[in-house]
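Following: one structure in structure tokens, then a few remarks.
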Amino acid sequence: MLRSEMATPSRRPSAWMPLCIGLLGALAFLVGRALDLHSLRMLSKGLPMVVLCAVVLRRSPDRYSRWIAAGLVASLAGDLLLELSPATFAAGLVAFLSAHILYIKAFLSRSRELRPALALPFAAWGGLAFFTLAPGLGAMRLPVAIYTLAITVMGWRATALLGAPASTGEPMRTAAGAILFLLSDTLLAFNRFHEPIEGAGYGIILLYWAGQVGIAASAWSGARPRGGVDEVSPEPPGR
């Protein structure tokens, strides 16, 4: 009996293999960018988001994680649309707008505490960036304004988790990921609408991937909120 018990230990499935696959996809995309191979970029760019989504759902299939996974799926659509053609840029913007709304929903499921002081640096960041870019936006002024509002709210709600009852180290990952995402989008916007920046494409994608990893990592920790919104409804969403 002892041998039988020892032969079947309980193990959590390892995430290393899918994460290695995601890393290979990221490297393939960077090679495709360096060599200007559009087909390789299209085939590989979405792989990191697919892997992050799968890991999030496998390790922590709860309400928060499902909102995060939905945001990763929307980000995957945005990745492919931005890479496909300049003509699909607006559609990609809508996809990423959806991702930010989904992330906001996830963060609010952890804490609804207002913490307005934390909104101020993000409002200043978004406002300064938008008004600097506004002269070159043309017909994209309204879509970019809406997107800027969404991503600054996303950053605010991510940092609002710091010190919340669910604090187990996850909020730090979330806040860091959101800020890196903001940096990536700010660099993208200035490179596209203000003045081209040499080598910006590499900085944009590396900051973006790092940001998404931070946000996804907040969902795959084993610890769950205590005293938060999720505590009163342990059943998975959809029921």
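Tabulated data for the structure shown
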{"item": "Stretchable slack from Ala139 to Ala117, in nm (0.36 nm times residue separation minus alpha-carbon distance)", "result": "4.6 nm"}
{"item": "Hull shadow area, averaged, segment 63-111 [alpha-carbon convex hull, nm²]", "result": "2.8"}
{"item": "For peptides 200-206, 150-156, sequence by mean Cβ density within 10 Å, most packed first", "result": "150-156, 200-206"}
{"item": "Segment 112-122 - phi-based ³J(HN,Hα) in whole Hz, Karplus 6.51/-1.76/1.60, Gly and Pro as x", "result": "10, 4, 5, 6, x, 4, 6, 6, 4, x, 6"}
{"item": "Equivalent ellipsoid semi-axes - Cα gyration tensor, segment 62-228, angstrom", "result": "27, 17, 13"}
{"item": "Chain lengthening between Thr132 and Ile197 when straightened (0.36 nm per residue, less Cα-Cα)", "result": "21.8 nm"}
{"item": "Inter-label distance for Trp16 and Val31, nm, one decimal - labels placed 7 Å from Cα along Cα-to-Cβ", "result": "2.3"}
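Laboratory data are not the source of any read-out in this text; all were calculated from the coordinates shown. This is a predicted model, so every value here is computed, not measured. A quick note on method: Cβ atoms are made from the backbone with ideal geometry, for glycine too, and the neighbour counts reach across all protein chains shown.
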